[in-house]
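**Student:** Attaching a single structure in structure tokens format; questions to follow.
The values are calculated or read from the model by the stated rules, or taken from the named source; none is laboratory data. These numbers were taken from a predicted model, which means no experiment stands behind them. Remember, those area values only see protein heavy atoms, side chains included, never the ligands or the DNA or RNA. Shrake-Rupley method; radii C 1.70, N 1.55, O 1.52, S 1.80 Å.
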Amino acid sequence: MSSSERLSRFIVHRELRVLDWVQTGKAHSEARCEKVSKGEVCPRCAEFSCSVYDRRWVKIKDAPIRNTSIKLLIRKCRFYCKKGKKPFTEPVEGILPRKRTTQRLQRAVTNARQKYSCLKDVRKDFRCSTSYIYRAFYSQLKIETGRKLNYAWPKTIGIDEHFFTR
């Protein structure tokens, strides 16, 4: 395995195979990848499907490395579910459905928001909007509190020491 292959394994996920790596600007890089899978499980009916319906390119923004912004151009397969009679797109680990950024970028923005003194510096370093910074922060906060506080709602509530006639 060459050093460039090892570096690409470090940057992209193990499910993805790097086709080529292009420097698009002074501080911008783009990795063209494709997901390697023979089939996927349908999210609607949990039926395994291996019939390819279509292929699509999606552009995903990843966390910067040494002040170089990284974009992943991923070629994803769309499979056709015979039971559900609808096509679906294969998921990629580390990228939530219908999102155009990786979870690694969300964590990096959240950590930078806590380290920097103002959001203007975070926007400048990560090349994103203020609204994205807030969305990433609350998304990561929701994930963290979901892990920590997973209490079920009570079935009954006691009404002791409350007066309704006062």
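**Student:** Over the Cα atoms of the stretch 26-157, Rg to Rh with Kirkwood Rh, two decimal places?
**Tutor:** My calculation of the ratio gives 1.08.
**Student:** Ignoring everything but the protein chains, give the 1.4 Å probe accessible area of SER117 in square angstrom, nearest 10.
**Tutor:** Counting only protein heavy atoms, the figure is 120 Å².
**Student:** Leaving ligands, DNA and RNA out of it, work out the accessible area of VAL41 with a 1.4 Å probe and give it in Å² to the nearest 10.
**Tutor:** 80 Å²
**Student:** So which of LYS35/LYS61; LYS59/LYS120; LYS71/LYS124; LYS26/LYS76; LYS35/LYS142; LYS38/LYS76 end up more than 20 Å apart by C-alpha?
**Tutor:** In this structure, LYS59/LYS120; LYS26/LYS76; LYS35/LYS142 lie more than 20 Å apart at Cα.
**Student:** Another question about this same structure. Leaving out ligands, DNA and RNA, what percent of the accessible area of the stretch 1-107 is carbon and sulfur, probe 1.4 Å?
**Tutor:** The computed percentage sits at 51.
**Student:** A further question on this structure: Mind listing the phi-derived Karplus ³J(HN,Hα) values for the stretch 76-88, rounded to whole Hz, using 6.51, -1.76 and 1.60 with θ = phi - 60°, and x for any glycine or proline?
**Tutor:** Values per residue, Gly and Pro as x: 10, 8, 10, 9, 9, 8, 6, 6, x, 6, 9, x, 9 Hz.
**Student:** Just by accessible area at a 1.4 angstrom probe, what is the order of LEU141, LEU16 from largest to smallest?
**Tutor:** LEU141, LEU16
**Student:** As a test of understanding, state the convex hull volume per residue of the stretch 94-145 from its alpha carbons, in Å³.
**Tutor:** 75 Å³
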